[in-house]
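Participant: Quick one: the structure is below, and I'll ask about it shortly.
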Amino acid sequence: MSGLVMAYQFGTNWSGFSEFAGSITGPLLTYEVLTAFFLEAGFLGVMLFGWQRVGDRLHFFATSMVALGTVISAFWILASNSWMHTPQGHEVINGQVVPVDWFAVVFNPSFPYRLAHMVVAAFLSSALFVGASAAWHLLKGQRSPAVKRMFSMSMWMLLFTAPIQAFIGDLHGLNTLEYQPAKIAAMEGHWDNSNGEPTPLILFGLPDMEAETTHYKLEIPYLGSLILQHSLTEQIPALNEFPAEDRPNSPVVFWLSA
Ligand code: HEM
């Protein structure tokens, strides 16, 4: 559903960006519509309104097609989103982006990690949602086999997807450190490496772009180095190592990624 709104947002909220890079984001959205949206939209009707109107097998097939369509949608949308993070396969001619290699555009460096992380995030959230609904029924004393199976299925799914997500999240972070080190420094609110000490993880703080520091820091020593370098000594890049005009807005990304 958010995709419907987003198609309009590209034209209204982000029209400047669309004028600059629409030759990439436009076709990627079109591929999504052609390969996924029709599949999802068609079978969604059978899934929602076909209950007790079509047979169980057809209903299950329709539901599976909706799930497949959603994953294919995620593929194209995350290709577009990842290209915004780690762009390649294009040239800028007369102030406009022109695609030159679609394979490179789609399979840009952060795409595999962002796709895997996002799809598993969706599985994880669905498992929690279904599990919470089943738990609510169980609390109300409804212990039918269907509710028990719903709860059991969601718990099994969580058991596998939660650790997998932590593993993929770690790889995703290492990839971001490689391709967008300034963004990592901004996300961590980390300004200065001159003390030579390993990087702490800042749990709370108010990054200040003018004063080039993070105020009121509450930090855990070593943890930043451990998470992002898998080391207890190696520092992560600091924001003051980048020219001021290349520094992402640390207050925004620090709090949004907290
Ligand atoms: C130990 C666990 C996790 C780690 C290390 C981790 C790591 C990361 C990192 C580094 C990013 C930012 C990537 C970037 O902007 O370049 C990110 C983004 C994101 N994470 Fe996680 N994550 C973890 C768990 C989760 C969980 C449990 C969920 C949801 C169920 C989740 C959902 C997301 C989403 C939706 C994004 C934004 C999309 C993106 O930029 O890829 N993450 N995660």
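The values are calculated or read from the model by the stated rules, or taken from the named source; none is laboratory data. Quick caveat, the model's predicted, so the values are computed rather than measured. Backbone-built Cβ (ideal geometry, glycine too); neighbour counts: all protein chains shown. These accessible areas exclude ligands, DNA and RNA; they are computed on the full protein's heavy atoms, side chains included. Shrake-Rupley method; radii C 1.70, N 1.55, O 1.52, S 1.80 Å.
Participant: State all residues of the range 10-31 that are surrounded by 15 or more Cβ atoms within 10 Å (Cβ to Cβ), among the hydrophobic types (A, V, I, L, M, F, W, C) and either closer than 27 Å to GLY69 by Cα or touching a helix residue (DSSP H, G or I) at 6+ places or on another chain (Cβ under 9 Å) (or both); if no residue qualifies, say none.
Facilitator: If the condition is that a residue be surrounded by 15 or more Cβ atoms within 10 Å (Cβ to Cβ), among the hydrophobic types (A, V, I, L, M, F, W, C) and either closer than 27 Å to GLY69 by Cα or touching a helix residue (DSSP H, G or I) at 6+ places or on another chain (Cβ under 9 Å) (or both), then PHE10, TRP14, ALA21, ILE24, LEU28, LEU29 are the ones that fit.
Participant: Looking at the range 45-94, which of its residues are of a type in the set (Gly, Ala, Ser) and open to solvent by less than 50 Å² (accessible area, probe 1.4 Å)? Quick ask: steps written out before the conclusion?
Facilitator: Quick first cut of the range 45-94, residues of a type in the set (Gly, Ala, Ser) only: 45, 50, 55, 62, 64, 67, 69, 73-74, 79-80, 82, 89.
Once the filter is applied, which keeps residues that are of a type in the set (Gly, Ala, Ser) and open to solvent by less than 50 Å² (accessible area, probe 1.4 Å), the range 45-94 yields GLY45, GLY50, GLY55, ALA62, SER64, GLY69, SER73, ALA74, ALA79, SER80, SER82, GLY89.
Participant: I need the full set of residues from the range 116-125 which are touching a residue at least 12 places away in the same chain (Cβ under 8 Å) and open to solvent by 40 Å² or more (accessible area, probe 1.4 Å), in order please. Reasoning before the result, please.
Facilitator: If we filter the range 116-125 for residues that are touching a residue at least 12 places away in the same chain (Cβ under 8 Å), which is where we start, we get 116-124.
Those that are touching a residue at least 12 places away in the same chain (Cβ under 8 Å) and open to solvent by 40 Å² or more (accessible area, probe 1.4 Å): HIS117, MET118, ALA122, PHE123.
Participant: Next up: Search the range 176-193 for residues that are among the aromatic types (Phe, Trp, Tyr) and pair each with any residue that is near the ligand (Cβ under 9 Å from one of its atoms) when their beta-carbon atoms are under 9 Å apart and the residues are at least 6 apart or on different chains.
Facilitator: Matching pairs, first to second residue: TYR179/HIS85; TYR179/THR86; TYR179/SER110.
Participant: Report every pair of residues separated by at least 6 positions or lying on different chains whose Cβ atoms are under 6 Å apart, first residue within the range 161-175 and within 20 Å of GLU188 (Cβ to Cβ), second within 8 Å of the ligand (Cβ to nearest atom) and open to solvent by 60 Å² or more (accessible area, probe 1.4 Å).
Facilitator: Listed by first residue and then by second, the contacts come to LEU171/TYR113; HIS172/TYR113; ASN175/TYR113.
Participant: Give the number of residues within the range 234-258 that are surrounded by 15 or more Cβ atoms within 10 Å (Cβ to Cβ) and among the aromatic types (Phe, Trp, Tyr).
Facilitator: Residues that pass the stated criteria total 2.
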